[in-house]
1. Determine whether region 75-93 contains at least one residue that is at pLDDT 95 or above and of a type in the set (G, A, S).
2. Hey, could you check region 113-145 for residues that are assigned to a strand (DSSP E or B) and of a type in the set (S, T, N, Q) and say which is nearest to R23 (Cα to Cα)?
3. Which condition does A215 not pass, out of (1) buried (at least 24 other Cβ atoms within 10 Å of the Cβ); (2) small (G, A, S); (3) farther than 24 Å from S72 by Cα, if it passes all the others?
4. Among the residues of region 42-62, is any more than 12 Å from the ligand (Cβ to nearest atom), more than 20 Å from G187 (Cα to Cα) and under 17 Å from the mean Cα position of the chain (by Cα)?
5. Count, please, the residues in region 130-153 that happen to be of a type in the set (A, V, I, L, M), surrounded by fewer than 19 Cβ atoms within 10 Å (Cβ to Cβ) and within 19 Å of the chain's Cα centre (by Cα).
Amino acid sequence: RTFAWELCDLAVAAAREAADLVRAQRAGGIGHVATKSTDTDVVTSADRAAERLITDRLRHARPADRILGEESGTHAGRSPVNWLVDPIDGTVNYVYGLGHYGVSIAAQVNGVTVAGVVRDIDSGAQWHAVRGGGAWRDDRRLTGSAVTDLGVALVATGFGYQPQRRARQGAVVAGLLPHIRDIRRFGSAALDLCLAAEGLVDAFYESGLNTWDFAAGGLIAEEAGLRVTGLAGAPAGADMVLAAPPALYGPLHERLAALDAAAG
Ligand code: IPD
């Protein structure tokens, strides 16, 4: 077991426990809901409880590591390992009881993501990856979509919570639609990247994501053979996370770059 696999095992165990906690809480109702950056950006008591559980588990196992959590911010540490934690990615789906929300945990060493896990809270499906060690759904190794023609590609995307960003994202998606099979907006970037890794959608893109939304899913997609970058090339970032199999990457990147420039 390499160091990255050890980090992955720890993330898998914490994600499973957190998912069980959220599922149990959801069975009793949605709990307390508060808003964050805008009225549409929500956080629930389950997000907070799950993040506390995950940070407790990570701190207990590896007290010197740093942790960046969506809800609680930065926990300092002096080790080169930095954890990125999103306790519920897809909180709006959680609130509406729609399914498709998940726990996302990634481990970076000196700024490079080396391990990641995403767990679908409702279904219990789990995706994980270790840099250089492949991407997996449970015990099955993933290879992404074999589609080579953008015109028949099913592309997943998402929209942020700020009205201005949404208007721009709307303009980009309107320009893309005539050139692809269709768009899907499922509501969790972390899980969407796993679907792309599995080939259940052909590609994914979204602008304005936070690192905790895409670090684990991005590695899972990359290890499944997809190219995962930003708009200006690697690495993926807040400007854009674009994940596509090599044959689709070029044409999709070209379209998105032109549309994004025109929308700005
Ligand atoms: C959100 C989801 C959504 C994406 C948003 C994210 P959250 O994360 O990933 O699919 O479109 O940009 O903020 O707030 O549910 O953790």
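1. Yes - at least one qualifying residue is present in region 75-93.
2. The qualifying residue nearest to R23 (Cα to Cα) is Q126.
3. (3)
4. yes
5. Of the residues in region 130-153, the ones of a type in the set (A, V, I, L, M) are 130, 135, 142, 146-147, 150, 152-153.
The next check asks that each one be surrounded by fewer than 19 Cβ atoms within 10 Å (Cβ to Cβ); those that pass are 146, 152.
Retained after the next criterion (residues that are within 19 Å of the chain's Cα centre (by Cα)): none.
The number of residues fulfilling the criteria is 0.
The values are calculated or read from the model by the stated rules, or taken from the named source; none is laboratory data. All values reported here derive from a predicted model rather than from experimental measurement. Using ideal geometry, Cβ is built from the backbone for each residue, glycine included, and neighbour counts are taken over all protein chains shown.
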